[in-house]
Amino acid sequence: MLLNIQKLNRFFGGLHAVNDISFSVRQGIIKAVIGPNGAGKTTLFNLITGNLKPDSGDIFFKDHRITPLKEHRIAALGISRTFQTTKLFSHMTVCRNVMVGRHIRTKAGFISSILNLPFTWKEEKEIRLKSLEILRSLELADCEDEDAHNLSFGKQRLVEIARALAAEPELLLLDEPAAGLNIHETEKLAEIILQIKNRGITILLVEHDISLVMGISDEVFVLDRGKMLAEGKPEDIQKNRDVINTYLGEGDA
Amino acid sequence: MSFDIFLQYFLSGITVGSIYAVVAIGFNIIYNTTGIINFAQGEFVILGALFAITFTRTGFIPLPLAILFAVLITTGIGAAIEIVFIKWIKNPSVLRLIIITIGISIISRETAHHIWGEQVMQMPYFTGTSTSSVIILGASIAPQVLWVLGISGIIVIVLQLFFKFTLTGKAMRACAANRTAARLCGINAKMMVTLSFMISAAIGALAGCITSPITQTQYDMGSPLAIKGFVVAIVGGLGNSTAAVVGGLLLGLIESFSIIFIPNAFKDVAAIIILLVILFFKPSGIFGKKEESALKEF
Amino acid sequence: MDVKRYRPIAVLLIIIVFIQLICTFTGTEFFLTQIIMAAYFSLVILGLCLLMGHAGQISLGHAGFFAIGGYTSATLTTINLIDIADSGVAGFLKGAGILFLRKDIYGEEILSFSPWVAFIAALVVTILIAFLIGIPVLRLKGHYLAMATLGFGMIITTIVRGTRIFGEADGISSVPAFDLLPVLRVTGKSIYRIENYYIAWFIVIIALIISLNLINSRVGRALRAIHGSEEAARAIGIDTARYKLYTFVLSAVFAAAGGVFLTHYNGGIGPSQSSVMKSVRYVAIVAVGGMDNIWGCLFMGILLNFLTLRGFFGTLEEVVFGGILIVFMLFFPRGILKPGMITSFRNAIRKCGLKLFRMRGKSKQNAA
């Protein structure tokens, strides 16, 4: 198991945002977490990446217990993420945004950067080439020199994915990647996610767009008010009574 | 230490402390409605006192009127600052706001410098003279101390009543809780921000007037006062006015009694060290809740 | 290696020499004195530019670090150990070059630490204090950080004002010259003026190279990322706390170095150098320089400090800086000297050229 979550709990004051959640993600699959608004999906993501700490329970990544680790340490182990509201670095070009993503794969520290040591030149070159390669694979190469904030919303999303990929993660967490995208962009996104999976990267995604989820995921995990409602293959989930009642029944939220 | 000396220290502590509390409340009012820490808060206190001193020196304006005019003028300045510098900026970063209010504080201080010069000035005592005293519990107390305690107490109580029971007060609290929601309910959020600057300026100015006879007034005394007020606001957990009163009195007492242990020159450091220690161990303030502070816009 | 980043330094060198020649030939060499002082002040500005513009962390206490550098160096080089001069330890230290003997203007012998030792001690003290202060303070954000650093600055002011060995309100005077090399000395004596002019610029250029290297590196990008969004920076594996702390320490070292050299150049230091107003002024200059624009900050650092030192603003000095702060934050929050100004200008020209070229091509086609 690449990611293994055991009996995770998190409270916000009186709200039990994540209630005794256990699940695991196999290497090489796309797993989707769905659920109505406020079901605790983003909280779950924040717990996995270390942005929030659980009140109880444990998270294992490649059999390492990552629960107590700081966020940046968890990222360094090979978990990358994107955000629900894109968090690109302002006043930086698209290319530099992606280059920052290589942070954990590179070494130059304060002293070697200040002294501009020769090994950093090679490293810089490598960072740049790799970033351009990723941009090209996502068809973003033509806007590498643009300020990231001047891009269209859909492209910003892709740049954020590119930044996450630059870290060469083993697990990629996508927090509502299709939110705010039009149908055409969503179709393209589905293609890109499958392409990322084909590179051997495992994907965990939170998404509201049910047709996208059902189209690309291997497994689906349904969350409702912090609790697990169902887990299984997309086609089984679609038939599940509980799911239909609480979620699909409402119409596409 | 004899009881008499103890009482002297105690009273001077709570006198100074009540001013810190008022400045801290000023911080809180603006912070609650806008999320801004107004670095010019101390300047309101000094301006209020300086205006009042000028009016009393004309010789024909009686003291209460002089204070009233001074408070009104300072309130006007508070409103002007908000309207001219703050109101129209869209989505400013915290860094920008900090720098702007620092700029305002420098300019108002320097303006005061050019108008009133460097001399140390003093309001006349409200009752009696510098030597008159009232005997309470065997200790002689300057009547002005009673004035300070009384009026700061009234300020605190009136503000509490204002925020609890008047429609405007409630509207301001609504803005503090959720600006967007307040606006959707038909509250003029922008007006409330201006109002919060006016109230802060007014209570600051009033505090300046009542303490001037004891602490004296000089154009550059605003920033240290602002720092102390901020320390108190932090101790109380930013935005909590009841805690600000407790915190203010506490800091005043600590400073007053610190003279026993450390040289007078280092008295001001005590407050700052308290600030740093609190920020280190409990950034949400001694009385503040962690969850609450996490929701604030920092 | 990427040499493009160093190109502007060559231009700067030409300007530096040019200014010196003009001043020498027009008999206005006295201007150089203020340029030297402004150069040392701009070390603080460069450090603050890294901290505020790049890492996005405000500090209203950098005058404190300037003072820590200046005062440590001044104290160690003026403390008189002549009473223990005959002891073995003192003899050994003298032999090792750690202590040195000189005569003051009254001919009295003074045995104190050599300026190099004092300089290194000043940097070490600064680094220690910066770590000590930085660790708790940099966990804070926004207003809290501003107030905490302001408080730090005030503590330093209070300490130097109230402590005997720091000369209380008078500060420390008769600080000796700093012999960088046997022939190069940092001193305010006018016969050494031109020499000192180049020494000052040499030091500034070292600071510039350090800054440029940092900005254009992996670390520099990480700092910009922290500035942009700390949450996202952490999510891509940046140890935000450590990077902020190191930048804070580095900028403190810059400020302290400025303090050390200016103290030797002026022959003394006073408590006003540590004042909050000074810290605020440094922030103002960085704001005017465009926050993250190292060249803009350097230019404004030299210009505004020079004008202040020449007494250009008179008694309105503080009002001017207050006004600058407000106006810039209201209307030009990113400064007036845009970082990409030169490149965008060049690109515009290139584009025009390209258009002309295409048009010509088209007209040729049409003709054909």
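Each reported figure results from applying straightforward, stated rules to the coordinates on display, with no laboratory input. All of these numbers come straight from a predicted model, not from anything done at the bench. Heads up, the Cβs are rebuilt from the backbone with ideal geometry, glycines too, and the neighbour counts pull from every protein chain shown.
Hey, with R₀ at 22 Å, roughly what FRET efficiency would C:Leu307 and B:His113 work out to, going by the Cβ-Cβ distance, to 0.05? Could you put the intermediate results ahead of the total?
Details: r = 20 Å, r/R0 = 0.92.
Once rounded, the FRET efficiency stands at 0.65.
Could you work out how far helix A:118-137 tilts from the main Cα principal axis of chain A, as a 0 to 90 degree angle to the nearest 10? Taking Cα atoms only, the helix is inclined about 50 degrees. A Förster distance of 22 Å, applied to the separation of the beta-carbon atoms of A:Ser152 and C:Lys141, puts the FRET efficiency at 0.10. The sum of -39500 (n - 2.57) across all DSSP H runs of n ≥ 4, divided by the residue count of the protein assembly as shown, sets its helix-only mean residue ellipticity at 222 nm to -20000 deg cm²/dmol. Start at zero, step by 20 Å, and the Cα-Cα distances of segment C:31-337 spread as 34, 56, 11, 0 percent across the bins.
Summing Cβ point charges (Lys, Arg +1; Asp, Glu -1) relative to the Cα centre of chain B gives a dipole of roughly 980 debye. Taking only the Cα atoms of segment B:1-117, the radius of gyration and Dmax are 17.4, 58 Å.
Among the lysines in segment C:31-337, how many pairs, 8 or more places apart or on different chains, have alpha carbons under 25 Å apart? Can you show the working numbers first?
Numbers: C:Lys94/C:Lys103; C:Lys103/C:Lys189; C:Lys141/C:Lys244; C:Lys141/C:Lys278; C:Lys244/C:Lys278.
Within segment C:31-337, the lysine pair count is 5.
Coordinate range of the alpha-carbon atoms in the protein assembly as shown per principal axis, descending: 90, 75, 74 Å. Setting aside same-chain residues fewer than 8 positions from B:Lys90, which aspartates and glutamates have a Cα under 20 Å from its Cα? Filter leaves B:Glu82, B:Glu297. Convex hull volume of the C-alpha atoms in segment B:229-282, normalised per residue: 65 Å³.
Taking the longest Cα principal axis of chain B as reference, the axis of helix B:143-165 is set at about 20 degrees. Taking 0.36 nm per residue of sequence separation and removing the Cα-Cα distance, the A:His91/A:Ser211 pair yields an extension gain of 39.7 nm. Stokes-Einstein diffusion for chain A at 25 °C, viscosity 0.890 mPa s, with a Kirkwood radius from C-alpha pairs, works out to 129 µm²/s.
From most to least packed by mean Cβ count within 10 Å, the peptides B:190-202, B:256-268, A:136-148 give B:190-202, A:136-148, B:256-268.
Using +1 at the Cβ of each Lys and Arg and -1 at the Cβ of each Asp and Glu in segment A:93-166, identify which of A:Cys143, A:Ile161, A:Gly109 lies farthest towards the dipole's positive end. Checked the options; the winner is A:Gly109. Between C:Ile98 and B:Phe261, the modelled labels are 3.5 nm apart [label points 7 Å from Cα along Cα→Cβ]. Pairs spanning more than 26 Å between alpha-carbon atoms, out of B:Lys164/B:Lys190; A:Lys70/A:Lys188; A:Lys155/A:Lys227; A:Lys62/A:Lys107; A:Lys107/A:Lys155: A:Lys70/A:Lys188; A:Lys155/A:Lys227; A:Lys107/A:Lys155. Each part reduced to its alpha carbon centroid, segment B:155-193 and segment C:10-63 end up 49 Å apart.
Please work out the C-alpha center-to-center distance from segment B:1-71 to segment A:85-133 and express it in whole Å. Centre-to-centre (Cα) distance: 53 Å.
Dipole check for the protein assembly as shown: with +1 at the C-beta of Lys and Arg, -1 at the C-beta of Asp and Glu, and the Cα centre as origin, the magnitude is about 1940 Debye. A compact globular protein would have a Cα radius of gyration near 2.2 N^0.38 Å; the ratio found for segment A:49-155 is 1.28.
Approximating the spin labels as points 7 Å out from Cα along Cα→Cβ, the B:Ala79-to-B:Ala177 distance works out to 2.8 nm.
Shielding value for A:113-122 is 5, the average number of Cβ atoms from other chains within 10 Å of each residue's Cβ. Per-residue Karplus couplings for segment C:167-183, computed as 6.51 cos²θ - 1.76 cosθ + 1.60 with θ equal to phi - 60°, are listed in order as x, 6, 5, 7, x, 10, 10, 6, 7, x, 5, 10, 7, 4, 10, x, 9 Hz, Gly and Pro entered as x. Over all other residues within a Cβ to Cβ distance under 15 Å of C:Lys244, the charged ones net out to +3, with Lys and Arg as +1 and Asp and Glu as -1. Between C:Ile120 and A:Phe60, the distance separating the two model label sites (each 7 Å from Cα on the Cα→Cβ line) works out to 5.3 nm.
Can I get the semi-axes of segment A:93-166's equivalent ellipsoid? Compute them from the C-alpha gyration tensor as square roots of 5 times the eigenvalues, in angstrom, largest first.
Details: eigenvalues 122, 25, 21 Å².
Here the semi-axes work out to 25, 11, 10 Å.
Compared with the dominant Cα axis of chain C, that is its longest principal axis, helix C:115-137 is turned about 60°.
Using the Karplus relation 6.51 cos²θ - 1.76 cosθ + 1.60 with θ = phi - 60°, the per-residue 3J(HN,Hα) values for segment B:34-44 come to 10, x, 9, 8, 8, 5, 8, 4, x, 5, 4 Hz, with x marking Gly and Pro.
Annotation: amide H of A:Asp224 within the under-5 Å range of A:Leu229, sequence separation 5 or more or interchain, hydrogens built in the peptide plane. Here A:Lys122 is the anchor, and the aspartates and glutamates within straight C-alpha reach of less than 19 Å, apart from those fewer than 8 places off in the same chain, are A:Glu133, A:Glu168, C:Asp2. FRET efficiency for the C:Glu109 to B:Arg57 pair, using the beta carbon distance and R₀ = 56 Å, is estimated at 0.45. Would you be so kind as to identify which of A:Leu77, A:Asn9, B:Gly48 lies farthest towards the positive end of the dipole of the protein assembly as shown, taking Lys and Arg as +1 and Asp and Glu as -1 on Cβ and the Cα centre as origin? So the residue furthest toward the plus end is A:Leu77. Averaged over the residues of peptide B:227-234, the number of Cβ atoms from other protein chains lying within 10 Å of each residue's Cβ is 2.
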